Amino acid sequence: MAENLQEQLFEWFQWFHRRPEPSGAEHGTTARIKELLRETGIRVIDTGLETGLVARIDGSAEGPVVALRCDIDALPIQEDSGLPYASENAGYMHACGHDFHLTAMLGAALLLNKRRGEIKGTVKLVFQCAEENGGGAKQVLETGVLEDVREIYGLHVESSRAPGVISISAGPVNAAVGGFRALIKGKGGHASAPHECIDPVSAAGQLIVAAQTIVSRSTDPFDKVVLSITHVEAGNTWNVIPQEALLEGTIRTLGTEQFKTVAEQLGRICRGVDEIAGTVTEYNWLCGGPSVDNNAVLADFAAKTAESLGLTVMPAVPGMGGEDFALYQERIPGLFFTVGVGSPQAVHHPGFRADPAPLHTAAEFLAELGIRSLVRPV
Ligand code: NI
């Protein structure tokens, strides 16, 4: 069974790897997933989602509802992996392993469908669109399709771990991420008369330097915090003090509470610089999302389930990347785990290469989580 399943999954994986599609435009991917599910007799729920889908597998008995989630979108990266089944869509690549995730979910769907007799309730399978730009989880939640879900499990590949190693930890495992914008408004004029102007450029300089003290002076040394100013813009010639200066950047913290502290401190620094320089700074958020924060009970349950299947379980490798699985966890207890795929390059690199060997392992683990979580004592 495992060998046949692996063969089937590898074939599907290659199909999806060749056809990466960007966030929100996963039309071919969605159509193919629908087709494969329908061939198996699995029901796709009518959610009105344009891309991505939610399927359901009802068991032999009434019971709770749990969900398994994967993502399906790719990145605007030109692939340079050397794989025989490399991307055929120029400029796009499955460089974050979402093709692995969705193929493993299709495998789980097959297994769950075969084991309907053991399912005491309902398993919903979420094939989520647009993870990379952060819009997909919100879209799925807004359909209301997960309102009856008691708990949710999601997977991601881990490039640095050996193929098949499952990594699970309770607590935050991915960063809370925010992109900010500070528009510093001054008063422009002749560069020879700074006293008649309010210079937004020197204010921007002070803000850039002071912002660095948030990580070095205002946060707990044991907290993981990144603050980067990534975009600076002001003026266009040498003899004019400009009206405005623009700064953009990112804050990333492991844990949502830490994020709030850093964001507030940055706001205080903006106001402090305004006080000194006489500028008026508009400080706001371009985007953002909370930290993936794993439920401790589910982490323990999932680790024990993996061990009972003979899998190697290790603590999670925390990362400062964002992941919109966190949005589900704001409403539903959830667990996000990783599967090792032993890649020579990390995700989001043109040379990223997920070892397909653990596809069936990931599928079997997902199916087992679905079945056992329904009868888990709560
Ligand atoms: Ni990803």
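The values are calculated or read from the model by the stated rules, or taken from the named source; none is laboratory data. For clarity, every value in this text was computed on a predicted model and none was experimentally measured. Here the Cβ is made from the backbone with ideal geometry for all residues, glycine too, and neighbour counts use every protein chain on show. Calculation scope for accessible area: heavy atoms of the full protein, side chains included, ligands and nucleic acids excluded. Shrake-Rupley method; radii C 1.70, N 1.55, O 1.52, S 1.80 Å.
Add +1 for every Lys or Arg and -1 for every Asp or Glu among the other residues with Cβ under 9 Å from the Cβ of residue 254, and state the total. All intermediate terms of the calculation are to be shown ahead of the outcome.
Values: positive: 224, 252; negative: 223.
Its environment carries a net charge of +1.
Report the gain in length on full extension from residue 86 to residue 209: 0.36 nm times residue separation, minus Cα-Cα distance, nm rounded to one decimal. Write out the running numbers ahead of the final one.
Numbers: separation 123, 0.36 × 123 = 44.28 nm, distance 4.40 nm.
Additional length available on full extension: 39.9 nm.
Any chance you could check the Cα centroid distance between segment 1-73 and segment 259-302 for me, in angstrom?
So the separation of the two Cα centres works out to 35 Å.
Tell me the label-point distance for the pair residue 193, residue 236, using the 7 Å Cα-to-Cβ offset, in nm and rounded to one decimal.
2.3 nm
How are the C-alpha pair distances of segment 176-289 spread across 10 Å bins, as whole percents from the shortest bin up?
The distribution over segment 176-289 is 15, 44, 27, 11, 3, given as percents.
Under a GNM of the chain (C-alpha, springs under 10 Å), which listed residue has the highest mean-square fluctuation: 177, 209, 65?
209
Test of understanding: what is the full-extension gain from residue 143 to residue 264, defined as 0.36 nm times their sequence separation minus their Cα-Cα distance?
Stretched out fully, the residue 143 to residue 264 stretch lengthens by 40.3 nm.
What whole-number distance in Å separates the alpha-carbon centres of segment 311-333 and segment 205-258?
27 Å
Given H placed on each backbone N at 1.01 Å, which residues far from residue 158 in sequence or on other chains put an amide H within less than 5 Å of it?
339, 340, 341
Taking a cut-off of 26 Å between Cα atoms, list the lysines near residue 260, but don't count ones fewer than 8 places away on the same chain.
Output for residue 260: 138, 185, 224.
I'd like to know how the chain sits against the 2.2 N^0.38 Å rule of thumb: what's its Cα Rg over that expected value?
My calculation over the Cα atoms of the chain gives 1.13.
How long is the gain from residue 220 to residue 61 if the chain were fully straight, where each residue apart is worth 0.36 nm and the alpha carbon distance is subtracted?
52.3 nm
Which of 217, 331, 161 ends up with the largest GNM mean-square fluctuation for the chain, with Cα atoms connected below 10 Å?
217
Bin width 5 Å, alpha-carbon pairs only: give the P(r) of segment 136-197 as whole percents, running from 0 to the bin holding the largest distance.
In order of increasing distance, the bins hold 3, 9, 10, 12, 11, 11, 8, 5, 5, 5, 7, 8, 5, 1 percent.
On a straight-distance basis, which lysines could pair with residue 304 in a cross-link, Cα separation under 21 angstrom, same-chain partners fewer than 8 positions away excluded?
Output for residue 304: 120.
Can you show me the helix-derived [θ] at 222 nm for the chain, built from DSSP H runs with n ≥ 4 at -39,500 (n - 2.57) apiece and divided by the number of residues, rounded to the nearest 500.
Values: 9 runs with 126 residues, N = 378.
That comes out to -10500 deg cm²/dmol.
Pick from 84, 242, 344: which is most flexible by mean-square fluctuation in a GNM of the chain where alpha carbon atoms under 10 Å apart are linked?
For the chain, modelled as a Gaussian network with Cα springs under 10 Å, the answer is 84.
Tell me, what is the 1.4 Å probe accessible area of residue 43, in Å² to the nearest 10?
Result for residue 43: roughly 130 Å² accessible.
Would you mind counting up the charge near residue 93? Only other residues with Cβ under 9 Å from its Cβ, with Lys and Arg at +1 and Asp and Glu at -1.
Values: positive: none; negative: 79, 80.
After counting each charged neighbour, the total is -2.
Taking H placed 1.01 Å from N in the peptide plane, check which residues at least 5 places from residue 93 or on another chain put their amide H under 5 Å from its amide H.
Close amide H contacts, sequence-distant or interchain: 75, 77.
Straight-line reach from residue 114: which aspartates and glutamates have Cα under 13 Å away, leaving out those fewer than 8 places along the same chain?
58, 364, 368
Can you give the net charge of the other residues whose Cβ lies under 14 Å from the Cβ of residue 55, counting K and R as +1 and D and E as -1? The partial results should precede the final answer.
Details: positive: 32, 34, 38, 43, 56, 69, 116, 124; negative: 35, 39, 46, 58.
Value of the local net charge: +4.
Just order 229-241, 125-137, 46-58, 183-195 by mean Cβ neighbour count inside 10 Å, highest at the front, would you? If you can, show how the numbers build up before the last one.
Values: 229-241: 12.6, 125-137: 24.1, 46-58: 18.5, 183-195: 15.0.
In descending order of packing, they fall as 125-137, 46-58, 183-195, 229-241.
In whole percent, how big is the carbon plus sulfur part of the accessible area of the chain, probe 1.4 Å, protein atoms only? Present the calculation step by step, with values, prior to reporting the outcome.
Working: 8380 of 16260 Å².
With neighbouring chains kept in place, the figure for the chain is 52 percent.
At a Förster distance of 45 Å, what's the computed FRET efficiency of residue 304 paired with residue 185, Cβ-Cβ distance as r, to 0.05? Write down the numbers at each step before the final one.
Details: r = 57 Å, r/R0 = 1.26.
Plugging the Cβ-Cβ distance into 1/(1 + (r/R0)^6) gives 0.20.
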